[in-house]
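Q: Please read through the structure below; I'll follow up with questions.
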Amino acid sequence: MMSGKRINKNRGQLLSCLLFCLTSVLLSISVLVFDLQAEEKEKISLIFSGYIKTDVIYDTRQTVNLREGHFLLFPQDRLLDPAGHDLNAKDTFHILPIQTRLALRISGPQALGAKTSGYIEAEFFGMSEADINGFRLRHAYLKLNWKKAELLVGQFWHPMFISDSYPEVVSFNTGAPFEPFSRAPQICFTWKPEPALSFSLTALSQRDFASTGPAGVSTSYFRNAACPELDFKVAYSQKNFLAGAGINVLKILPRLATETGYQANESLTSLAGYAFGRLKTKPVTIKAEGVYGGNLHHLTMLGGYAVSEIIDVVTAQRDYSPINTASGWIDIQTNGEKWQVGLFSGYTKNLGAKGEIAGPVYSRGETIDHLVRIAPRFVFNAGKVRLAQEIELTSAAYGSPDSRGRVNGQRTVTNLRFLTAVYYFF
């Protein structure tokens, strides 16, 4: 009996010893892993930044806009009452700080032989009119940088918005609807055979900026097409000079079923081309871009598409045609550190469809022939504080679309926006 107890005791001591050793090993591994993680974390850099911005806005008439007038597109058409008074010729006033922004820039250890970095940016602009003041995502992406290549995965500016050359206007519209304005989830690969030359291929989807169609503005038309939007761009860039061009292809599926209940075997593929440039001299910086294409609604520009033909009367199958748009802008700004003076000028025209329109039109500004904008600005910088004033004149030529979507019988309405902005950068 004593022998058995001694054996059991020895076994218990041995088990305790093994458990102690195992625990020690696990603790050692944990400490080692923690140390390794600590070393990795030491290589990660986090930089917070952003700004507080308040806009004081006065418009001389009613406008087509977003977020209670903050994001201005163009003036509304005349709306006459029985006495002939224009109901839209009514001025408005507002103060909004919803453009206030927060950003996080991340740089970390190498991976796959590349430098890694990330960027997250958000603001209080909201996702809709009902969500004004809501915190929304603007950018969120990972970058991998090799010696002659770069891979970006996440949400960033649409490739047709040239992040190295865009209008420096005070208004949050950043030149829209003359300038392509959109952010999109994407995978972008850039190859740089030489330091000044780059070729980019981007596959995109839609999220905050979507196409329009029978059910209104929705990402469903893009998603149901089951094909990414594709963009190819080439650019030549030096310290004081930038020039480039690109081509964009978008496919959408406007509906899944026809009004008679049949499967809709329909789709629309549209093309867009663009060219851009920037020249910086000692006194001023000059930027410009031109765009021509169809179905540009998701870029916050004029245009969309229309039903061009009813293919089958029984099944109600349709064919579609893009509404084409031409647009161009130029922006000039002085390069002073304290005082800056700038001038933005833009023009965009509705070119209609290539053929006859036989059904509904899904477009932005289908009753507008052209838009013109002139916007001078004055900026004063005092350390982290900026005071800016902009006078934005936007004229719209409204009329009646013909059988091809081109607008006739034009009448011009004009809005004058007085905008004062106060920034605090951090």
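Q: Looking only at segment 137-149, which residues are open to solvent by 20 Å² or more (accessible area, probe 1.4 Å) and closer than 19 Å to LEU102 by Cα?
A: Passing the criteria: LEU137, ALA140, TYR141, LEU142.
Q: Shifting gears a bit: Report the residue count in segment 112-130 for those that are open to solvent by 30 Å² or more (accessible area, probe 1.4 Å), modelled with pLDDT of 95 or more, not in a loop (DSSP other than H, G, I, E, B) and not basic (Lys, Arg).
A: Residues meeting the conditions: 2.
Q: Which residue, of ARG138, ARG101, is of a type outside the set (Asp, Glu) and either touching a helix residue (DSSP H, G or I) at 6+ places or on another chain (Cβ under 6 Å) or farther than 30 Å from ALA196 by Cβ (or both)?
A: Numbers: ARG138 fails: either touching a helix residue (DSSP H, G or I) at 6+ places or on another chain (Cβ under 6 Å) or farther than 30 Å from ALA196 by Cβ (or both).
Matching residue, one of ARG138, ARG101: ARG101.
Q: What's the number of the condition ILE106 fails, among (1) within 19 Å of the chain's Cα centre (by Cα); (2) assigned to a strand (DSSP E or B); (3) of a type outside the set (Gly, Ala, Ser)?
A: The one condition ILE106 does not meet is (1).
Q: Now, a different point. Between LEU201, LEU242, which is in a strand (DSSP E or B), of a type outside the set (Ser, Thr, Tyr), touching a residue at least 60 places away in the same chain (Cβ under 8 Å) and farther than 30 Å from ASP369 by Cβ?
A: Working: LEU201 fails: touching a residue at least 60 places away in the same chain (Cβ under 8 Å).
Result of the check over LEU201, LEU242: LEU242.
Q: Take the conditions closer than 27 Å to LYS280 by Cα and over 12 Å from the mean Cα position of the chain (by Cα) and apply them to ASP164. Does it pass? Break it down stepwise before answering.
A: Details: closer than 27 Å to LYS280 by Cα: yes; over 12 Å from the mean Cα position of the chain (by Cα): yes.
Yes: the conditions hold for ASP164.
Q: Answer yes if at least one residue in segment 154-174 is within 23 Å of TYR305 (Cα to Cα) and not in a loop (DSSP other than H, G, I, E, B), and no otherwise.
A: no
Q: Applying the selection to segment 239-259, what residues are modelled with pLDDT of 95 or more, open to solvent by 60 Å² or more (accessible area, probe 1.4 Å) and either among the acidic types (Asp, Glu) or farther than 15 Å from ILE162 by Cβ (or both)?
A: Going residue by residue through segment 239-259, those that are modelled with pLDDT of 95 or more are 240-258.
Filter once more, so that each one left must be open to solvent by 60 Å² or more (accessible area, probe 1.4 Å): 240-241, 247, 251, 256.
Selection gives ASN240, LYS251, LEU256.
Q: The conditions are (1) in contact (Cβ under 8 Å) with a residue 40 or more places away in the chain; (2) within 24 Å of the chain's Cα centre (by Cα); (3) open to solvent by 50 Å² or more (accessible area, probe 1.4 Å), and THR348 fails exactly one of them. Which is it?
A: So THR348 meets the others, but not (3).
Q: Criterion first (touching a strand residue (DSSP E or B) at 6+ places or on another chain (Cβ under 6 Å), crowded, with 17+ Cβ neighbours inside 10 Å, modelled with pLDDT of 95 or more and assigned to a strand (DSSP E or B)) does PHE74 satisfy it? Give the derivation first.
A: Details: touching a strand residue (DSSP E or B) at 6+ places or on another chain (Cβ under 6 Å): yes; crowded, with 17+ Cβ neighbours inside 10 Å: yes; modelled with pLDDT of 95 or more: yes; assigned to a strand (DSSP E or B): yes.
Taking the combined requirement at face value, the residue satisfies it.
Q: Within segment 204-213, is even one residue touching a residue at least 12 places away in the same chain (Cβ under 8 Å), β-branched (Val, Ile, Thr) and outside any loop (DSSP other than H, G, I, E, B)? Lay out the reasoning, then the answer.
A: So the first thing to find is which residues in segment 204-213 are touching a residue at least 12 places away in the same chain (Cβ under 8 Å), and the list is 204-213.
Filter again for β-branched (Val, Ile, Thr), leaving 212.
Filter again for outside any loop (DSSP other than H, G, I, E, B), leaving none.
No, that holds for no residue.
Q: As an exercise: evaluate ASN265 against (1) open to solvent by 40 Å² or more (accessible area, probe 1.4 Å); (2) part of a strand (DSSP E or B) and give the number of the one condition it does not meet.
A: So ASN265 meets the others, but not (2).
Q: Inside segment 352-392, can you point out the residues that are under 17 Å from PHE172 (Cβ atoms) and either modelled with pLDDT under 95 or open to solvent by 50 Å² or more (accessible area, probe 1.4 Å) (or both)?
A: Result: ARG386, LEU387, GLN389, ILE391.
Q: Of everything in segment 85-102, what is open to solvent by 50 Å² or more (accessible area, probe 1.4 Å) and either part of a loop (DSSP other than H, G, I, E, B) or closer than 18 Å to GLY399 by Cα (or both)? Give them in sequence order.
A: Of everything in segment 85-102, those that are open to solvent by 50 Å² or more (accessible area, probe 1.4 Å) and either part of a loop (DSSP other than H, G, I, E, B) or closer than 18 Å to GLY399 by Cα (or both) turn out to be HIS85, LEU87, ALA89, LYS90, ASP91, PRO97.
Yes/no per residue for (1) within 24 Å of the chain's Cα centre (by Cα); (2) over 24 Å from THR300 (Cα atoms):
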position	(1), (2)
GLY328	yes, no
VAL385	no, yes
TYR398	no, no
ARG406	no, no
TYR423	yes, yes
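Q: Which members of segment 150-167 meet the condition of being of a type outside the set (Phe, Trp, Tyr) and either open to solvent by less than 20 Å² (accessible area, probe 1.4 Å) or more than 17 Å from SER198 (Cα to Cα) (or both)? Full working, then the answer.
A: At the first step, the residues of segment 150-167 found to be of a type outside the set (Phe, Trp, Tyr) are 150-155, 158-160, 162-165, 167.
Listed by number, the residues that qualify are LEU152, VAL153, GLY154, GLN155, HIS158, PRO159, MET160, ILE162, SER165, PRO167.
Q: Anything in segment 192-210 that is surrounded by 19 or more Cβ atoms within 10 Å (Cβ to Cβ) and of a type in the set (Lys, Arg)? List them, or say none. Don't jump to the end; show me each part of the working.
A: Step one: of segment 192-210, the residues surrounded by 19 or more Cβ atoms within 10 Å (Cβ to Cβ) are 198, 200, 202, 204, 206, 210.
Across segment 192-210, there are no qualifying residues.
Q: I'd like to check something: does segment 394-414 contain any residue that is open to solvent by 40 Å² or more (accessible area, probe 1.4 Å), among the hydrophobic types (A, V, I, L, M, F, W, C) and either in contact with a strand residue (DSSP E or B) (Cβ under 6 Å, 6 or more places away or on another chain) or not in a strand (DSSP E or B) (or both)?
A: Going through segment 394-414, the residues open to solvent by 40 Å² or more (accessible area, probe 1.4 Å) turn out to be 400-404, 406, 408-412, 414.
Right, trim to among the hydrophobic types (A, V, I, L, M, F, W, C) and you get none.
No.
Q: For segment 308-346, name all the residues that are of a type in the set (Phe, Trp, Tyr) and touching a Gly at 6+ places or on another chain (Cβ under 6 Å). Talk me through it step by step, then tell me what you get.
A: Initially, segment 308-346 is screened for residues of a type in the set (Phe, Trp, Tyr), giving 320, 329, 339, 344.
TRP329, the sole residue that qualifies.
The values are calculated or read from the model by the stated rules, or taken from the named source; none is laboratory data. For clarity, every value in this text was computed on a predicted model and none was experimentally measured. Cβ: placed from backbone, ideal geometry, glycine included. Neighbour counts: every protein chain shown. Just the protein is used for accessible areas: all its heavy atoms, side chains included, with ligands, DNA and RNA removed. Shrake-Rupley method; radii C 1.70, N 1.55, O 1.52, S 1.80 Å.
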